[in-house]
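Each remark here refers to the structure printed beneath this line.
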Amino acid sequence: MADEAQVIYEYVNGSTISFKGSLKITYHRIGLTITTRPDGKIYVDDPGKKQRTFSCTSIITGAVYNTLNTVQTAAITYDATYPRLTTINLATGVTLTNILVVLDNGWTADDQGSGQWSVNLKFVERVQ
């Protein structure tokens, strides 16, 4: 079983939601093209822009789920500072900080009973 990671999502100044569970980080090179020319040579064009996707699964309380639901169904203001992942504590002791993100529309929450919810979230990094 994988170690748990902690993801702290700050949607406005001082208002955060913390998730503890599994985490998957996917890297994408935006604009990367690989072309094989008729002479058989491979040419690469890479503008150097990258984007990460952070997928996490966590068990949260009903109160935290209510906050998440309220925040995500409201009109969120995207600016140069929020929303962001303020802290991602990886189980290895490595910490990633202050990553501007958008919470993907496809997040899900399953009622686990006893006031607990299992959530699956995907945060997409906003490339500046």
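Computed values, structure above
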{"item": "Qualifying residue in the stretch 61-77 (condition: in contact with a Cys (Cβ under 8 Å, 6 or more places away or on another chain) and either under 22 Å from Arg126 (Cα atoms) or at pLDDT 95 or above (or both))", "result": "no"}
{"item": "Among residues of the stretch 42-63, those that are over 17 Å from the mean Cα position of the chain (by Cα) and more than 17 Å from His28 (Cβ to Cβ), counted", "result": "5"}
{"item": "Qualifying residue in the stretch 41-59 (condition: assigned to a loop (DSSP other than H, G, I, E, B) and either modelled with pLDDT of 95 or more or among the basic types (Lys, Arg) (or both))", "result": "yes"}
{"item": "Counted residues, the stretch 87-128 - those being surrounded by fewer than 17 Cβ atoms within 10 Å (Cβ to Cβ), basic (Lys, Arg) and in a strand (DSSP E or B)", "result": "0"}
{"item": "Any hit, the stretch 22-31, residues being of a type in the set (Val, Ile, Thr), touching a strand residue (DSSP E or B) at 6+ places or on another chain (Cβ under 7 Å), crowded, with 16+ Cβ neighbours inside 10 Å and at negative phi", "result": "no"}
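Here is a yes/no grid of residues against (1) free of Cβ contacts under 8 Å to residues at least 12 places away in the same chain; (2) polar (S, T, N, Q):
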site: Gly40; (1), (2): yes, no
site: Asp45; (1), (2): no, no
site: Lys49; (1), (2): no, no
site: Asn69; (1), (2): no, yes
site: Val94; (1), (2): yes, no
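The values are calculated or read from the model by the stated rules, or taken from the named source; none is laboratory data. What you see is a predicted model; the values in this text were computed from it and never measured. Here Cβ is always computed from backbone atoms with ideal geometry, including for glycine, and neighbour counts include all displayed protein chains.
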